[in-house]
């Protein structure tokens, strides 16, 4: 088995601030993902990466940057936090079509 | 486009009652859809409940079943007798063996009353 770790668990930021979320996996999966989930809505794909140093934009990539410097880690940066923004960011990794998810980072922007 | 629509929550049922959570999909750009049910139990991360990659087949796990119906483009989740421990948020998702992306429904919050 394996595990996906996301840090921090809770993130509070100020409007306009640059914020970074981190994800680590020990499944040794090639592909990793970042999703955003707003209250009462489904998950929306922000970025994914099919291998180290690869980045692919999802439907919601505007306002975000991502980095995959190692196979085991995938970072997401909110380039400029929006006032009153609240969402949960989920990291995942996959083998084939089956995705495994981390516990999430809950973002609140004051 | 490609999309997933599922029963809007919250859904509340009593223990030992039967359950069905509806899921329909639209896969206009996916030649061979794969269908999934994910679940998030309170305090836990999202996890795969079951998946079916072939039309006409049924998947099952933890007493839940779902049949991939290509004719009605549906993948409803059913359980004959729910337990309090089934209280969770359930997500239907659509994928493809040729794509990295999963398309999720909005989730259905299920509460099972003792």
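The values are calculated or read from the model by the stated rules, or taken from the named source; none is laboratory data. Please read all numbers here as calculations on a predicted model, not as lab measurements. All Cβ positions, glycine included, derive from the backbone under ideal geometry; neighbour counts span all protein chains shown.
Scan segment B:16-49 residue by residue and report those that are assigned to a loop (DSSP other than H, G, I, E, B), in contact (Cβ under 8 Å) with a residue 60 or more places away in the chain and surrounded by 14 or more Cβ atoms within 10 Å (Cβ to Cβ).
From segment B:16-49, those assigned to a loop (DSSP other than H, G, I, E, B) are B:16-18, B:22, B:27-32, B:41-46; that's our starting set.
Checking which are in contact (Cβ under 8 Å) with a residue 60 or more places away in the chain leaves us with B:16-18, B:27, B:30-32.
Result: B:27, B:30.
Scan (1) in contact with a strand residue (DSSP E or B) (Cβ under 6 Å, 6 or more places away or on another chain); (2) at pLDDT below 95; (3) within 12 Å of chain B (Cβ to nearest Cβ) for the single condition residue A:13 breaks and write down its number.
Residue A:13 satisfies all of (1) in contact with a strand residue (DSSP E or B) (Cβ under 6 Å, 6 or more places away or on another chain); (2) at pLDDT below 95; (3) within 12 Å of chain B (Cβ to nearest Cβ) except (3).
How do the pairs read when you match residues in segment A:39-61 that are within 7 Å of chain B (Cβ to nearest Cβ) with residues anywhere that are loosely packed, with under 14 Cβ neighbours inside 10 Å, using Cβ under 8 Å and keeping only pairs 6 or more apart or on different chains?
Every condition considered, the pairs that remain are A:45/A:59.
Restricting attention to segment B:65-86, does a residue exist that is closer than 25 Å to residue A:2 by Cα and within 10 Å of chain A (Cβ to nearest Cβ)? Full working, then the answer.
We begin by selecting, within segment B:65-86, every residue closer than 25 Å to residue A:2 by Cα; these are B:85-86.
Now restrict to residues that are within 10 Å of chain A (Cβ to nearest Cβ): none.
Within segment B:65-86, none of the residues are closer than 25 Å to residue A:2 by Cα and within 10 Å of chain A (Cβ to nearest Cβ).
Could you tell me whether segment B:8-27 includes any residue that is within 17 Å of residue A:97 (Cα to Cα), within 12 Å of chain A (Cβ to nearest Cβ) and at pLDDT below 95?
Looking through segment B:8-27, none of the residues is within 17 Å of residue A:97 (Cα to Cα), within 12 Å of chain A (Cβ to nearest Cβ) and at pLDDT below 95.
Assess whether residue B:94 counts as being within 11 Å of the chain's Cα centre (by Cα), free of Cβ contacts under 8 Å to residues at least 40 places away in the same chain and either closer than 25 Å to residue A:39 by Cα or in a loop (DSSP other than H, G, I, E, B) (or both).
On the way: within 11 Å of the chain's Cα centre (by Cα): yes; free of Cβ contacts under 8 Å to residues at least 40 places away in the same chain: no; either closer than 25 Å to residue A:39 by Cα or in a loop (DSSP other than H, G, I, E, B) (or both): yes.
Taking the combined requirement at face value, the residue does not satisfy it.
Hey, among the residues in segment A:92-110 that are at the interface with chain B (Cβ under 10 Å from one of its Cβ atoms) and in a strand (DSSP E or B), which one's surrounded by the fewest Cβ atoms within 10 Å (Cβ to Cβ)?
Of the residues in segment A:92-110, the ones at the interface with chain B (Cβ under 10 Å from one of its Cβ atoms) are A:92, A:94, A:96-104.
With the extra rule that they be in a strand (DSSP E or B), the set shrinks to A:92, A:94, A:98-101.
On the way: A:92: 25, A:94: 21, A:98: 15, A:99: 28, A:100: 21, A:101: 22.
It comes out as A:98.
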